[in-house]
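Everything on this sheet refers to the single structure shown next.
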Ligand code: PLP
C-alpha cells in the first residue's frame, strides 16, 4: 500500500474487502458459465447473477429488467448514444448535451457525426448548471435524445433533473443522465424515475473495475436499445458475451454496501468537504469552482492563481493523490474543458486541482492535505515573478 494521501476517489476507489470476499468463490469453485443450462456449475452461476440483479434492482428501486451489465460507464454511454440514434433515426438525428459533458459522451458524439448525428452543445453557467431556458430553445421536433451529466466528476455540481426531464419528455425526447459519480453519494431513487437511461460503474463505488451497468427504465418497451455487442444472445440479446459472474456479484455487493451507509456517509463526507474547502480557501487568492448549492458531498475544486497546476500536481504527487481533471496527451496538457465551459479563465483552469474524498478519508488526512497544498502553493509562488508583481489593493 502506498503511503501518500489518496483524495482522488472520483477517479477510482479501492475494492472493499467484503466485495472481494463475495467475488472470490466465483473465480474458484463456482466458476461456471451462467449460460450453461445443463449442469450445476452453470445453475449456480446463473442463480448468483440472478440474486445479484435482484439485489441491485432493490437497492436502486428499479425493475430487474431495466438493468444491463456492461464493462463500465463508458460502454453504457456508448450503448445509449449509439443505440438511440440507431433505433430512433426515423424520428430524427438531433441530440443535445453540454460543453461540460464527460469525455465519454463528447467523444461518442464526435464519432457519431459521421453517422449523421447532429449535436447541440449547451453552455453552462459559472456554477456549471445548464439553463432550462437554453434547453427549451434547443429542443426540436427531431431531438431524439438529451444527454445530461447528473453529477459532474470534476466539480460535483448536480443538475436539476426533475425540471430537465419535464421539458425533455414534453418534447417527446428521451433523457439519458450519467449518474456514475452520484451513486453511493446521493439518493438516486427519484432520478431513476425521471431519466429514461442512466449509467453506473463498479470501480467508483468500491467495487471492481471492468463492470458497469446501463439502466433503461422501460427496457421491455419503447426505450429498449438494440443489440450492442452481437453473439451468444446473452442479456436478452442486447449485449452478447459470457456474463461475468464474479464482477456482477462484486458490483451487487458494492452497491448494497454504499446504499446501506448512504445517509451517514454523505453527512460525514459533507463535514470533511467543508473542512477541506475552508482550509484551502484560506490560501491567499484561492477560489472555488464548485459553488452550486446542489453538489456531491465529496468533491472540492479550487483554483490557485499564480501557480502552474501541472507543477503543483507533480510536486504534490508523492504525498497527495489529487487530480486536475485535465485531458493529457503526449503533445499537450489541456486545461479542464469543464472549467472552461463554466467560463473559468484559461490560466486559472490550468491552476486548478480537484480533490475527491471517500470512505477512507479522515479529518486528519484533510488537515495534512491542507498543509501540504498551502506549503506547495507558497513555494511555487516564491518562484513566480508575476506573484511578486501582482496587483495589491
Ligand atoms: N462518467 C463519469 C461521470 C465518470 O466520472 C466516469 C469515470 O471517469 C465515466 C463516465 C467512465 O466510467 P468508466 O471508467 O466506468 O468507463
Do we find that residue 124 is over 27 Å from residue 222 (Cβ atoms), in contact with a helix residue (DSSP H, G or I) (Cβ under 6 Å, 6 or more places away or on another chain) and either within 16 Å of the ligand (Cβ to nearest atom) or touching a residue at least 24 places away in the same chain (Cβ under 8 Å) (or both) in this structure?
yes
Could you figure out which of (1) at pLDDT 95 or above; (2) surrounded by fewer than 16 Cβ atoms within 10 Å (Cβ to Cβ); (3) part of a helix (DSSP H, G or I) isn't true of residue 236?
(1)
So residue 50, is it in a loop (DSSP other than H, G, I, E, B) and either within 16 Å of the ligand (Cβ to nearest atom) or farther than 21 Å from residue 180 by Cβ (or both)
no
Tell me, which residue of the stretch 65-84 that is away from the ligand (no atom under 14 Å from the Cβ) and over 17 Å from residue 211 (Cα atoms) is surrounded by the most Cβ atoms within 10 Å (Cβ to Cβ)?
84
Those residues that are without any contact (Cβ under 8 Å) to a residue 40 or more places away in the chain and away from the ligand (no atom under 16 Å from the Cβ), I need them from the stretch 90-109; list them, please.
90
Please go through the stretch 28-42 and pick out each residue that is loosely packed, with under 13 Cβ neighbours inside 10 Å and either part of a loop (DSSP other than H, G, I, E, B) or touching a helix residue (DSSP H, G or I) at 6+ places or on another chain (Cβ under 8 Å) (or both).
28, 29, 37, 38, 39
Which of the residues belonging to the stretch 246-301 are outside any helix (DSSP H, G or I) and in contact with a helix residue (DSSP H, G or I) (Cβ under 7 Å, 6 or more places away or on another chain)?
283, 286, 288, 289, 297, 298, 300
May I ask you to verify whether residue 16 is within 16 Å of the ligand (Cβ to nearest atom), under 30 Å from residue 324 (Cβ atoms) and at pLDDT 95 or above?
no
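The values are calculated or read from the model by the stated rules, or taken from the named source; none is laboratory data. Computed from a predicted structure; not experimentally measured. Glycine also receives a Cβ, built like all others from the backbone with ideal geometry; neighbour counts cover every protein chain displayed.
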